[in-house]
Amino acid sequence: MNKILSLFCSAMLLIVSTIQSSHAIEPSIKVLIVDGQNNHNWKATTPVLKTHLEQTKLFTVDVATSPARGSDGFSPKFSAYDVVVMNYNGDDWSKETQKDFEAFVENGGGLVIYHAADNSFPSWKAYNEMIGLGGWGGRNEKDGPYIRYRDGKVVRDETPGGGGSHGAQHAYVVQHIDTEHPVTKGLPSKWRHASDELYDRLRGPAKNLHVLAIAYSDKKTGGTGENEPVLFTIEYGKGRVFHTVMGHDVSQIQCVGFAVTFQRGTEWAATGKVTQSLPKEYPTEEEVLSIK
Ligand code: ZN
């Protein structure tokens, strides 16, 4: 009798656990945030980026922190992840780590370039192809064109000059010029970003680069008088790259517009799709909205 009872109990437990597991939503996209060197506050921004991603319940997030100087022994297992988020602007990696990273993206790994990560590695050719556009580090016309949006068209501007600058921080309007891309689809097409640096004069190979959003860089705030790309994608081999130039520090990445485009861009880079529902609240063209 006892034997029958215990068999019955085991069967019930199995049924219950099967039901539970089929109902639980498991985060399935594996993300690696890379940090450790940056002229920006990476120790404070990485945990916020991680929280943004985890809140979607789609991602599990690990962090790979490089040594404070050099790159000795730094060789994250990129291939164990679906997408790498770069919060790194620092010393060159070893040739081996560079090759691993190139193979990861080439074979279909996702990549997210966040703010000053596009300042990094000015002489690593493949990295510059992945980021599409970069700034500082001696970048100039040898690295590729500026990308501008003039008269409703994205144009390559080969004018000689330095790559990378920004005016004074201010709240600026982000305008989506592709409203059908999975990252932007359904979001308000104009929204005011929290006071931030507006990167301008970025230049790079800009191969297979697609601009999702621009912002007008006003000369009054020390800008270029051009519409500068602020959200864009790059195809590199089989890999998808999402690049956001926004997010100088914590207050800038607490902007709801930054957070939502970052969450959607990371999912898109990993899978080619965006399954996240649209946010209930969003900044308007006039008003900034930040996460409390
Ligand atoms: Zn910055």
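Values quoted throughout were computed directly from the atomic coordinates according to the rules given, and no laboratory measurement underlies them. As the structure is a prediction and not an experimental result, all values here were calculated from the model. We place every Cβ from the backbone using ideal geometry, glycine too, and count neighbours over all the protein chains shown.
For the chain, what is the charge dipole size about the Cα centre, in debye to the nearest 20, if Lys and Arg each add +1 at the Cβ and Asp and Glu each add -1 at the Cβ?
On the way: 30 positive and 34 negative charges, 99 e Å.
With Lys and Arg at +1 and Asp and Glu at -1, about 480 debye.
In percent, what relative contact order does the chain have, based on Cα pairs under 8 Å that are 6 or more apart in sequence?
About 18 percent, as a whole number.
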| In what sequence do 43, 273 fall when counting other Cβ within 10 Å, fewest first? | 273, 43
| Reach of residue 207 by Cα under 21 Å, taken over lysines that are not fewer than 8 positions away in the same chain | 99, 125, 142, 153, 238
| Mean Kyte-Doolittle of at least -0.5 and a Cα length of 20 Å or more along the axis: which whole DSSP H helices of the chain meet both? | 2-23, 256-271
| message | Would you report the distance distribution of C-alpha pairs in the range 115-226 as whole percents per 5 angstrom bin, up to the bin with the largest distance? | response | 2, 12, 20, 23, 22, 14, 5, 1
| field | Burial order of peptide ranges 180-191, 112-123 (average beta-carbon count within 10 Å, highest first) | value | 112-123, 180-191
| field | Residue with peak Gaussian network fluctuation, the chain [Cα springs, cutoff 10 Å], from 257, 144, 73 | value | 73
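Between beta-carbons, use under 9 Å as the cut-off and find the net charge around residue 135, counting Lys and Arg +1, Asp and Glu -1. Each step should come with its number before you reach the end.
Numbers: positive: 139, 201, 203; negative: 118, 200.
Local net charge: +1.
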| query | Dividing the alpha-carbon Rg of the range 62-164 by 2.2 N^0.38 Å yields what? | reply | 1.17
| request: Report the local net charge at residue 271: Lys and Arg +1, Asp and Glu -1, summed over other residues whose C-beta lies under 14 Å from its C-beta. | output: +3
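Could you compute the net charge surrounding residue 39? Neighbours are other residues with a C-beta less than 14 Å from the C-beta of residue 39; K and R count +1, D and E count -1.
Net charge in that neighbourhood comes out at -3.
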| message | What value in Å³ per residue do you get for the convex hull of the alpha-carbon atoms in the chain? | response | 158
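Where the only charges are on Cβ atoms (+1 Lys, Arg; -1 Asp, Glu), what is the dipole of the range 148-275 about its Cα centre, to the nearest 20 debye?
Numbers: 16 positive and 14 negative charges, 55 e Å.
Taking the Cα centre of the range 148-275 as origin, the dipole is about 260 debye.
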